[in-house]
1. Going through the range 117-138 one residue at a time, which ones are more than 19 Å from Leu39 (Cα to Cα) and either over 19 Å from the mean Cα position of the chain (by Cα) or of a type in the set (D, E, K, R) (or both)?
2. Looking at the range 117-131, which of its residues are in a strand (DSSP E or B) and surrounded by fewer than 16 Cβ atoms within 10 Å (Cβ to Cβ)?
3. Going by what's in this entry, would Ala63 be described as at pLDDT below 95 and either surrounded by 14 or more Cβ atoms within 10 Å (Cβ to Cβ) or under 22 Å from Asp110 (Cβ atoms) (or both)?
4. For the subset of the range 72-87 comprising residues that are in contact with a Phe, Trp or Tyr (Cβ under 7 Å, 6 or more places away or on another chain) and part of a strand (DSSP E or B), which member is farthest from Arg132 (Cα to Cα)?
5. Check whether at least one residue in the range 30-37 is at pLDDT below 90 and within 26 Å of Arg138 (Cβ to Cβ), and report yes or no.
6. In the range 38-60, what count of residues is obtained for those that are assigned to a loop (DSSP other than H, G, I, E, B) and modelled with pLDDT of 80 or more?
7. Among the residues of the range 110-130, write down those that are more than 24 Å from Ser49 (Cα to Cα) and out of contact with any helix residue (DSSP H, G or I) (no Cβ under 9 Å at 6 or more places or on another chain).
8. If I ask for residues that are surrounded by 13 or more Cβ atoms within 10 Å (Cβ to Cβ), more than 17 Å from the chain's Cα centre (by Cα) and assigned to a strand (DSSP E or B), which ones from the range 89-116 would you list?
Amino acid sequence: MGTGEPVVPEPSSAGPVSAVQAMGFPSPARDYYDAGLDLNRLLITDRVSSFIMRVSGNSMTSAGIYDGDEIIVDRARIPKHGSVVVLRHNDQLLVRRWQLEQGRAGLLSDESEDPQWLAEADDVEVFGLVTRCLHYVR
């Protein structure tokens, strides 16, 4: 504590988020948590390098990302094969699954079965790794 590092709860830690059964009623005898809800603590591992973007389009529905959703992007995390990333590719801002194979990088979306392999001439800047997706319950 006191190092400026955000506190990230362990999956088993007590707090405002716990497992919920989607049936029945909550017990009135259940302990009441009154410490407030800090979404930064629960959803973001690095406040300095994280930001939220709104998604337009349905090219990543297989990753659970839909048109109008907000995604949390962490610029400090390094993408690996299969990571969902936000990037600029030839003046287009995209959300895609990062593909690495035999020393080359590619982008995969729901719109194609095969990755779009990047060429040396492509202008590419990876903004960060998508860590969470927030969307309205439909």
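1. Keep residues of the range 117-138 that are more than 19 Å from Leu39 (Cα to Cα), which gives 117-128, 138.
Trp117, Leu118, Ala119, Glu120, Ala121, Asp122, Asp123, Val124, Glu125, Arg138, listed by residue number.
2. In the first step, residues of the range 117-131 are kept if they are in a strand (DSSP E or B); the result is 117, 124-131.
Residues satisfying the conditions are Trp117, Val124, Glu125.
3. Numbers: at pLDDT below 95: yes; either surrounded by 14 or more Cβ atoms within 10 Å (Cβ to Cβ) or under 22 Å from Asp110 (Cβ atoms) (or both): yes.
Yes, satisfied.
4. Of everything passing the filter in the range 72-87, Leu87 is farthest from Arg132 (Cα to Cα).
5. Let us first name the residues in the range 30-37 that are at pLDDT below 90, namely 30-37.
Restricting the remaining residues to those that are within 26 Å of Arg138 (Cβ to Cβ) gives 37.
Scanning the range 30-37 turns up at least one residue that is at pLDDT below 90 and within 26 Å of Arg138 (Cβ to Cβ).
6. In the first step, residues of the range 38-60 are kept if they are assigned to a loop (DSSP other than H, G, I, E, B); the result is 38, 44-49, 55-60.
In the following step, the residues that additionally are modelled with pLDDT of 80 or more were identified as 44-49, 55-60.
So the count comes out to 12.
7. Step one: filter the range 110-130 for residues more than 24 Å from Ser49 (Cα to Cα), giving 110-122.
Matches in the range 110-130: Glu111, Ser112, Glu113, Asp114, Pro115, Gln116, Trp117, Leu118, Ala119, Glu120, Ala121, Asp122.
8. If the condition is that a residue be surrounded by 13 or more Cβ atoms within 10 Å (Cβ to Cβ), more than 17 Å from the chain's Cα centre (by Cα) and assigned to a strand (DSSP E or B), then His89, Leu100, Ala105, Gly106, Gln116 are the ones that fit.
The values are calculated or read from the model by the stated rules, or taken from the named source; none is laboratory data. Remember, predicted model here, so these are calculated numbers, not experimental data. All Cβ positions, glycine included, derive from the backbone under ideal geometry; neighbour counts span all protein chains shown.
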